[in-house]
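I have placed the structure first, in the form of structure tokens, so that the comments after it can refer back to it.
The values are calculated or read from the model by the stated rules, or taken from the named source; none is laboratory data. In this text, all values refer to a predicted model and were calculated from it rather than measured experimentally. Here the Cβ positions follow ideal geometry from the backbone for every residue, glycine too, while neighbour counts run over all protein chains shown.
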Amino acid sequence: MSRDLPWGRIAYEFSGYLAAVLVAVTATVATVLLWTAQKNAVNWGSFYAFVRHLGDMYRFGIMVTLPAALPGFLLTLFVAHRVGWAGWLPFAAAGTLNAILALTLFGIYIHQDVFEQEVVLPCLPGGFAGGVAYWAVVRKSLRDRAASP
């Protein structure tokens, strides 16, 4: 399937989105684990409790991130195509902003305030890493598009 055909392009962009979600969730879970280890340097019990539930945390993160980050991802694609982004930094910044948007949408969906320090701070590096992961998957396509008139 060629990246130049409409369905090939959609599949290519979606594979970048899946990579971004997987990397973002992995970075967020890792940040939560580091946060827990740092926060309870004397009492490691909560750290081990988190490690025991690592699979559940990862699964929940994917279930929440996949639909909640999609609107921000589509907005990023629109802006990136209009402005002509080709570098990693705009996508990383957009991923960070998308983490905030995704948290907002998730909070609206569950009717709760999710903007607490323990929730927001780990999501920011996750969004940043997700943006870089998306760029890493589609960077050749971005360079080709920028080079063509």
Response to the item:
Those residues of the stretch 91-123 that are of a type outside the set (A, V, I, L, M), closer than 22 Å to Leu74 by Cα and buried (at least 17 other Cβ atoms within 10 Å of the Cβ) come to a total of 6
Worksheet item: Just for the stretch 78-89: of the residues that are hydrophobic (A, V, I, L, M, F, W, C) and within 20 Å of Pro125 (Cα to Cα), which one is surrounded by the fewest Cβ atoms within 10 Å (Cβ to Cβ)?
Response: Leu89
Worksheet item: Is at least one residue of the stretch 130-140 touching a Phe, Trp or Tyr at 6+ places or on another chain (Cβ under 9 Å) and more than 17 Å from Ala19 (Cα to Cα)?
Response: no
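Let's see how each residue does on (1) modelled with pLDDT under 65; (2) of a type in the set (D, E, K, R); (3) over 24 Å from Pro125 (Cα atoms); (4) part of a helix (DSSP H, G or I):
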{"position": "Trp7", "(1), (2), (3), (4)": "no, no, yes, yes"}
{"position": "Phe14", "(1), (2), (3), (4)": "no, no, no, yes"}
{"position": "Tyr17", "(1), (2), (3), (4)": "no, no, no, yes"}
{"position": "Leu22", "(1), (2), (3), (4)": "no, no, no, yes"}
{"position": "Ala30", "(1), (2), (3), (4)": "no, no, no, yes"}
{"position": "Leu34", "(1), (2), (3), (4)": "no, no, no, yes"}
{"position": "Val42", "(1), (2), (3), (4)": "yes, no, yes, no"}
Item to complete: Consider Ala102 carefully, then state whether it is part of a helix (DSSP H, G or I) and either closer than 20 Å to Arg139 by Cβ or touching a Cys at 6+ places or on another chain (Cβ under 6 Å) (or both).
Response: no
